[in-house]
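Notes for the one structure printed next.
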Amino acid sequence: MKFATKAIHSGNKRDESTGAIAVPIYQTSTYIQDAVGVHKGFCYSRTGNPTRQALESNLAMLESAKYGLTFASGLAAVNTVMNLLKTGDHVVSANDLYGGTYRIFTKLFVNYGLTFDFVDATNLNNITNAIRLNTKVLWLESPSNPLLKVTDLRGAIAIARKHRILTVVDNTFATPYLQQPITLGADIVLQSTTKYLGGHSDIIGGALMTNNAGLYERLKFFQNAVGAVPGPLDCFLTLRGTKTLALRMEKHCTNAMAVAKFLAKHPKVNKVYYPGLPSHPGHNIAKRQMTGFGGMVSFEVKGDAKKTKRIAASTKLFALAESLGCARSLINHPPSMTHASVPPEVRKRIGINDNLVRLSVGIEDSQDLINDLKQALK
């Protein structure tokens, strides 16, 4: 099946009791057992729920994976992966990544004896040079948040395989519609289902997908033991969202390209970060490993932080808000919003400057969006 067909049919089995075409919301905490320890596959909804099971099957299929697990948030999924590690283990991570991931690495897991090196993963030599004898995980984002850096995933994963290191790829920006890291050799793919998969800014969720049965069993144990699972209504809404993912991503990509081209020519814009532009250093790699360039665009204003914040607060259609990936366009100032938890000196070293603006380009009319940015930049 092609992607759009999988999105609608995977996990969406006919409800035998009623014939309902949509997976029902199984709003229950526990299940009646036929005898002590004998049940129909479900005993307690922290452990398993039919609505959640349908979503996990759907997401696994979309990522070309055998197994899927869902969580109450993207960070709950991050936390679950980190539970695979133990004191003394080392992680090599891309240095341009979601601020919440950086925060949980540097503010929580360092307290348990884990160590981290953050490198520019677009240069594969940096990954190789950072690996130690105790390195257990390579953590990647491509395109990255918020600078839209593109990493050669196949090349990076090959390095990790050579050193017997697990590779985790946060695929939130690309979505499985545009990129499937499992097919490139990744061990675990992470999604914040809050974003494009849900698509409507009405749920919080996360997911992990893998082809490795052993990894799946360990992660599933943590999912149940820790209990950061999504409720059935959130799973239902995410399933609703994935049905239209293919259609929405096409429009996100088209609009983002139009916006990026407009910004690239604007006299008050210093630099545009969008993999779809030939000027982007990762353009050719993105063409090779993605089927589209996504709906995220970042740019630097010619001016200081004060001017940049004023512009970000001056749009009418772009809502000034955290998050991304919904039908409505969003705008934010990463240094003071999504990446405020990253120390200023680290942001500066990475290239997240105070004049940076990040756009989540929605599915409105592209000319209306361009006109909105035009009036904000005047």
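Look at segment 7-42 and say how many of its residues are hydrophobic (A, V, I, L, M, F, W, C), surrounded by 15 or more Cβ atoms within 10 Å (Cβ to Cβ) and more than 24 Å from Thr194 (Cβ to Cβ).
1
For residues that are assigned to a loop (DSSP other than H, G, I, E, B) and either touching a Lys or Arg at 6+ places or on another chain (Cβ under 8 Å) or closer than 15 Å to Leu184 by Cβ (or both), tally how many sit in segment 135-144.
Final tally of qualifying residues: 2.
For segment 361-376, state whether one or more residues are among the β-branched types (Val, Ile, Thr) and outside any loop (DSSP other than H, G, I, E, B).
yes
Among all residue pairs at least 6 apart or on different chains, which show Cβ distances below 9 Å where the first residue, located in segment 223-242, is aromatic (Phe, Trp, Tyr) and the second is assigned to a helix (DSSP H, G or I)?
These pairs meet every condition: Phe236/Thr51; Phe236/Ala54; Phe236/Leu55.
Any idea how many residues of segment 132-185 are among the hydroxyl-bearing types (Ser, Thr, Tyr) and buried (at least 24 other Cβ atoms within 10 Å of the Cβ)?
Of the residues in segment 132-185, 6 are among the hydroxyl-bearing types (Ser, Thr, Tyr) and buried (at least 24 other Cβ atoms within 10 Å of the Cβ).
Here are some residues: Glu56, Glu16. Which one is acidic (Asp, Glu) and more than 15 Å from Leu239 (Cα to Cα)?
Glu16
List the helices (runs of 4 or more DSSP H) that sit entirely inside segment 14-113 and contain at least 1 residues that are without any contact (Cβ under 8 Å) to a residue 12 or more places away in the chain.
Passing ranges: none, list empty.
Could you tell me whether any residue of segment 170-182 is over 27 Å from Val357 (Cβ atoms) and of a type in the set (Ser, Thr, Tyr)?
Checked segment 170-182: no residue is over 27 Å from Val357 (Cβ atoms) and of a type in the set (Ser, Thr, Tyr).
When Leu277 is evaluated against the numbered criteria (1) in contact (Cβ under 8 Å) with a residue 24 or more places away in the chain; (2) buried (at least 17 other Cβ atoms within 10 Å of the Cβ); (3) in contact with a His (Cβ under 9 Å, 6 or more places away or on another chain), which criterion, by number, is the only one it fails?
Answer for Leu277: the failing condition is (1).
Given the conditions (1) touching a His at 6+ places or on another chain (Cβ under 9 Å); (2) of a type outside the set (Phe, Trp, Tyr); (3) surrounded by fewer than 23 Cβ atoms within 10 Å (Cβ to Cβ), and given that Gly295 satisfies all but one, which numbered condition is not satisfied?
(3)
Every number here is computed from the coordinates shown, using simple stated rules; none is lab data. This one's a predicted model, so the numbers in the text were calculated from it and none came from an experiment. Note that we place each Cβ from the backbone using ideal geometry, even for glycine, and neighbour counts take in every protein chain shown.
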